[in-house]
1. Accessible area per residue of the chain at 1.4 Å probe, in Å²?
2. Can you work out the FRET efficiency for the pair HIS44 and VAL24, with r the C-beta to C-beta distance and R0 = 30 Å, to the nearest 0.05?
3. Taking the simple approach of a point 7 Å from Cα along Cα-to-Cβ for both PHE174 and LEU99, what is their distance in nm?
4. My understanding is that a pair violates if its Cα-Cα distance is over 29 Å; which of LYS43/LYS153; LYS95/LYS153; LYS43/LYS95; LYS25/LYS98 do that in this structure?
5. By how many nm would the segment from ALA62 to ASN4 grow when fully extended, if each residue of separation counts as 0.36 nm and the alpha-carbon distance is taken off?
6. Could you work out what % of the accessible surface of the chain is carbon and sulfur, using a 1.4 angstrom probe and leaving DNA, RNA and ligands out of the count?
7. Say R0 is 25 Å: what FRET efficiency, to the nearest 0.05, do ASP152 and LEU91 get from their beta-carbon distance?
8. Hey, can you rank 131-142, 71-82 by average C-beta count inside 10 Å, highest first?
Amino acid sequence: MNKNKYSSIVSILFPTLFFAIVLVKAFFSDLTHDEAYSFYIQKHFSRAEFLCTGNSHWLNSAAMRLSILFNLDSPIALRWLSIISAGIYALVIFKISKLSDSVFIKILFFSFAFCASQLIDFFSLARGYAAGIAGMSLAIYLLSLALQKKSDKLFFYSMCCASLSCFSNFGFVFFFV
């Protein structure tokens with residue numbers, strides 16, 4: 001096997017493994033206190049949530065509300081947005097990893113991108129951090145493409161992703177600014 005084949009295997013293996021770990025953890029984890037509180041708010045008085053609580057995970061709250069409308073009350077059903085966000089994040093990291101052919105650089109890059117201590121927790125729980133991280137990574141990727149191709153359309157999409165990360169969690173407003 002030559003170096004390019006190893007590089008391709010590493011590029012596919014790490015994001016797939018990351019996504020599989022997130023799926024397993026999301027499926028087998030019990031509902032946390034934060035998720036249960038958000039679920040309770042969405043189930044009983046969702047309109048007041050935007051004004052009366054400190055829950056700044058608006059996009060996640062809307063995703064939970066959608067699950068409730070379809071009578072899907074299991075923890076995995078409430079975590080659908082976080083799981084999709086993990087897939088988006090893994091795909092963006094995969095696309096960025098294609099910039100290098102070096103196996104060592106890819107492994108180092110994936111170590112930084114996937115091995116943060118709370119990252120798997122963020123993507124396996126129904127909280128706004130997952131969608132915020134996915135929106136942020138997609139915004140950065142689209143911004144780099146926009147700068148390379150000098151495309152206003154890609155820049156606009158990048159700004160949309162950055163603003164979605166703010167609605168995922170207001171802590172991402174610093175990224176947006």
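The values are calculated or read from the model by the stated rules, or taken from the named source; none is laboratory data. Quick caveat: nothing in here was measured; it's all calculated off a predicted structure. Here Cβ is always computed from backbone atoms with ideal geometry, including for glycine, and neighbour counts include all displayed protein chains. What goes into the accessible areas is simple: the full protein's heavy atoms, side chains included, and nothing from ligands, DNA or RNA. Shrake-Rupley method; radii C 1.70, N 1.55, O 1.52, S 1.80 Å.
1. Values: 10250 Å² over 177 residues.
The answer is 58 Å² per residue.
2. 0.45
3. For PHE174 paired with LEU99, the spin-label model returns 2.3 nm.
4. Working: LYS43/LYS153 38 Å; LYS95/LYS153 19 Å; LYS43/LYS95 38 Å; LYS25/LYS98 27 Å.
From LYS43/LYS153; LYS95/LYS153; LYS43/LYS95; LYS25/LYS98, over 29 Å: LYS43/LYS153; LYS43/LYS95.
5. Separation in residues times 0.36 nm, less the Cα-Cα distance, equals 16.6 nm.
6. Values: 7260 of 10250 Å².
Result for the chain: 71 percent of the exposed heavy-atom area is carbon or sulfur.
7. Calculated value: 0.60.
8. With the highest mean Cβ count within 10 Å placed first, the list reads 131-142, 71-82.
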